[in-house]
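Structure, as structure tokens:
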Amino acid sequence: MIKERICREYLLEIARLERSIRELEQEIVELKMQIQMKTADATNLAVENANLRHRVEVLEKREKAIMEAIKRMRIPIIIREDDE
């Protein structure tokens, strides 16, 4: 009787541990999916950031070229820069 009780307790404990392992495995899968989503988001943001930096560089070069052209024309122009 004691042997059966001890065996039953061990079997119950083993079943509980197996359930815990399955739950942990499911949680690991969910966390991996979240990591993949966050990585994809970070990659997309990095690409977007690079595109925007390139666009800013192009606009700055264009502005500089326009300013140089205006200076070469020797046309009196007042340039007003508003931050608003």
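The values are calculated or read from the model by the stated rules, or taken from the named source; none is laboratory data. Computed from a prediction, not measured in an experiment: that's the story for all the values here. For neighbour counting, all protein chains shown are included, and Cβ atoms are generated from backbone atoms with ideal geometry for every residue, glycine included. Areas reflect the complete protein model, heavy atoms only, side chains present, ligands, DNA and RNA absent. Shrake-Rupley method; radii C 1.70, N 1.55, O 1.52, S 1.80 Å.
A few comments on the model shown:
- Segment LYS38-LEU17, extension gain: residue separation times 0.36 nm, minus the distance between their alpha carbons: 4.5 nm
- The chain: most fluctuating residue of ALA65, ALA50, ALA40 per GNM, C-alpha cutoff 10 Å: ALA65
- The chain - mean residue ellipticity at 222 nm from DSSP helices (-39,500 (n - 2.57) per run, n ≥ 4, rounded to 500): -32500 deg cm²/dmol
- Angle in degrees between helix 2-73 and the longest Cα principal axis of the chain, rounded to the nearest 10: 0
- Each residue, GLU4 and GLU25, gets one label point 7 Å from its Cα in the Cβ direction; the gap between the two is 3.2 nm.
- Atom-type composition of the exposed protein surface of the chain places 58 percent of the accessible area on carbon and sulfur (1.4 angstrom probe).
- Taking all protein chains together and rolling a 1.4 Å probe, LYS61 ends up with roughly 150 Å² accessible.
- Available extension along the chain between LEU52 and MET73 is 4.4 nm, counting 0.36 nm per residue and deducting the alpha carbon span.
- Calculated from the structure at hand, Cα Rg over 2.2 N^0.38 Å is found among (i) 1.13; (ii) 1.19; (iii) 2.81 as (iii).
- Charge dipole (segment 18-76, unit charges on Cβ, about Cα centre) - positive-most of VAL58, VAL29, LEU45: VAL58
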